[in-house]
Amino acid sequence: MRTAVAAFDVGGTNSRLRGGWAGEPEYGEWKVRTADFPSLGDLVTTSLGEAGLRPEAVVLAVAGRVPAHGNVQMTNLPHWPLFERDVFAAEHGIRLRVVNDMTATAHGMADLAPDEVRPLTRHDAASRADELLAVSVGSGVGSALLDGHGTVRTSESGHVTWQPVDDAEAGYLAFLRSGSAGIEGVVTVEESIGGLRGFDRMYDYVCRTAPPAPALHAEVTEARRTGAAVAPLITAAALAGDPRARDVVRLFAALFGQYLRGLVLVCMPAGGVVTLTSGVLQAPGVAEFLCAETTFLDRFISPGACHHDLLAEVPVRLALDPLVGVRGAYRLATRDVLEEEHRV
């Protein structure tokens, strides 16, 4: 018996589709621009049609909180209508599972081979551990914990707040609260450093005190005009030595290190392994730049602070597979089908 399966990793900028047959190694893969669609349902049906796929079972990994009834509102696409899982499944005659995108990422992490990760600290980050914390900075910011029993616990950690440590960070927080950044009330980590809006905001803040290089500013202006992401432009410019871009990435690194420290203290008090993923962190050279040229690891460990000894021993590694999210979603889709067939 052959069962066609499909899996989506739906991000704020790009979405990935993987389709094939449960239990068979071959599969096809497609990429689409999320903004080209007016709703999650339209993205799914159009992408499956263009790929020529007619799956019986589908897993959707989405950026947003997934209640028990499976109806979701995409966090980074608030203009999209509410997606009603059971209605969509009945309309298209499929078995449909909706999960948070970090659930899929954590399951994808479990499949990574030693040569598919790169250690960023002095520890052997490729060794296995009872606890694995997957952390993503792409359009949004998120995390998920995979425990020693294979259970994934997700969170909405990207929507926690952060604490300024120096004058530059205090100035950035004041900038975000001033209204010019479009934020009222609570200022979250995702709003501050996420790829969808955070890099725009950090860039504008940094450029208030020193003008950007004309070439970089022209690229950023054009990206904004066309709706393209500015994060890749800024990180690439930072690696090339642009001073304003480096200031942006250093600000990002400080806030990200603080965020990561809080995650580990909450999720892994006995230690474990941290694995970084997603577009911003997986761009060539960015993770290495964070570790070598910024305060990222210093803010993560926070020498002298309580439990700095624990944090100093936590390996941090980078996932090299940029498709770990859809990889995990496809793994879930296949596993669900095979387990059901086994019960039958």
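Observations, loosely collected:
- When LEU112, LEU96 are checked against the criterion of being closer than 30 Å to LEU48 by Cβ, more than 13 Å from the chain's Cα centre (by Cα), aliphatic (A, V, I, L, M) and part of a loop (DSSP other than H, G, I, E, B), LEU112 stands alone in meeting it.
- Search result, residues across segment 5-57 that are in contact with an Asp or Glu (Cβ under 8 Å, 6 or more places away or on another chain) and open to solvent by 60 Å² or more (accessible area, probe 1.4 Å): ARG16, TRP30
- Check on ARG2, under 24 Å from the mean Cα position of the chain (by Cα), open to solvent by 70 Å² or more (accessible area, probe 1.4 Å), more than 16 Å from VAL324 (Cα to Cα) and not small (Gly, Ala, Ser): no
- Every residue from segment 138-150 that is more than 16 Å from the chain's Cα centre (by Cα), open to solvent by less than 70 Å² (accessible area, probe 1.4 Å) and at negative phi: ASP147, GLY148
- Residue list for segment 156-185, restricted to those being touching a strand residue (DSSP E or B) at 6+ places or on another chain (Cβ under 6 Å) and either in a loop (DSSP other than H, G, I, E, B) or open to solvent by less than 60 Å² (accessible area, probe 1.4 Å) (or both): SER157, GLY158
- Answer residue from segment 301-344, given it is in a helix (DSSP H, G or I) and among the β-branched types (Val, Ile, Thr) and is farthest from GLY140 (Cα to Cα) among those: VAL337
- A search for C-beta distances below 9 Å between a residue of segment 81-92 that is in a helix (DSSP H, G or I) and any residue that is open to solvent by 80 Å² or more (accessible area, probe 1.4 Å), counting only pairs 6+ apart in sequence or on different chains, returns ARG85/HIS69; ARG85/ARG97; ASP86/HIS69; ALA89/ARG95.
Let's see how each residue does on (1) touching a Lys or Arg at 6+ places or on another chain (Cβ under 9 Å); (2) of a type in the set (A, V, I, L, M); (3) at pLDDT below 95:
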| position | (1), (2), (3) |
| --- | --- |
| GLY179 | no, no, yes |
| SER192 | yes, no, no |
| ALA210 | yes, yes, yes |
| LEU216 | yes, yes, no |
| VAL220 | no, yes, no |
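- Odd one out for GLY70 among (1) closer than 20 Å to THR34 by Cβ; (2) modelled with pLDDT of 95 or more; (3) small (Gly, Ala, Ser): (2)
- Conditions (1) hydrophobic (A, V, I, L, M, F, W, C); (2) open to solvent by 40 Å² or more (accessible area, probe 1.4 Å); (3) farther than 30 Å from THR154 by Cα; number of the one not met by LEU265: (3)
- Within the set ARG118, ARG122, the sole residue that is touching an Asp or Glu at 6+ places or on another chain (Cβ under 9 Å) and of a type in the set (Lys, Arg) turns out to be ARG118.
- Test: residue in segment 65-79 that is touching a strand residue (DSSP E or B) at 6+ places or on another chain (Cβ under 8 Å), touching a residue at least 24 places away in the same chain (Cβ under 8 Å) and open to solvent by 60 Å² or more (accessible area, probe 1.4 Å): yes
- Residue match in segment 144-162 (condition: hydroxyl-bearing (Ser, Thr, Tyr), more than 21 Å from VAL266 (Cα to Cα) and at pLDDT 90 or above): no
- Residue match in segment 304-315 (condition: within 29 Å of ARG208 (Cβ to Cβ) and either of a type outside the set (Phe, Trp, Tyr) or at pLDDT below 95 (or both)): no
- Residue in segment 279-300 that is at pLDDT below 95, assigned to a loop (DSSP other than H, G, I, E, B) and buried (at least 24 other Cβ atoms within 10 Å of the Cβ) present: no
The values are calculated or read from the model by the stated rules, or taken from the named source; none is laboratory data. Quick caveat: nothing in here was measured; it's all calculated off a predicted structure. In this analysis, Cβ positions are derived from the backbone assuming ideal geometry, glycine residues included, and neighbour counts consider all displayed protein chains. Calculation scope for accessible area: heavy atoms of the full protein, side chains included, ligands and nucleic acids excluded. Shrake-Rupley method; radii C 1.70, N 1.55, O 1.52, S 1.80 Å.
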